[in-house]
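Read through the structure below, which is laid out as structure tokens, and then see the notes.
No value in this document is a laboratory result; all are computed from the given coordinates. Everything quoted here is computed from the prediction, not taken from an experiment. Cβ coordinates were reconstructed from backbone atoms using ideal geometry, including for glycine residues, and neighbour counts include every protein chain displayed.
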Amino acid sequence: MIKFNVKRKEECFNKTIRLPESVINKLENISAKNNVSFNKIVLDMINFALDNMGE
């Protein structure tokens, strides 16, 4: 299994997305456990998925 790593900041822009409450709750728990922002967790997970899509 590939290990997920939390990365650090880069320049960002605002974009609104809608997520189910269950997903938000899971992300908030991960955020709290890792002492990083909700936004950072979402961004890192999106980048991880994009990097590992295997086009």
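Restricting attention to the range 12-55, the residues that are surrounded by 13 or more Cβ atoms within 10 Å (Cβ to Cβ) and among the hydroxyl-bearing types (S, T, Y) add up to 1.
When each of V6, V23 is tested for being of a type outside the set (G, A, S) and either part of a loop (DSSP other than H, G, I, E, B) or in contact with a helix residue (DSSP H, G or I) (Cβ under 9 Å, 6 or more places away or on another chain) (or both), the lone residue that passes is V6.
For the range 29-55, what are the residues that are part of a helix (DSSP H, G or I) and of a type in the set (A, V, I, L, M, F, W, C)? Answer for the range 29-55, where residues must be part of a helix (DSSP H, G or I) and of a type in the set (A, V, I, L, M, F, W, C): I30, A32, F38, I41, V42, L43, M45, I46, F48, A49, L50.
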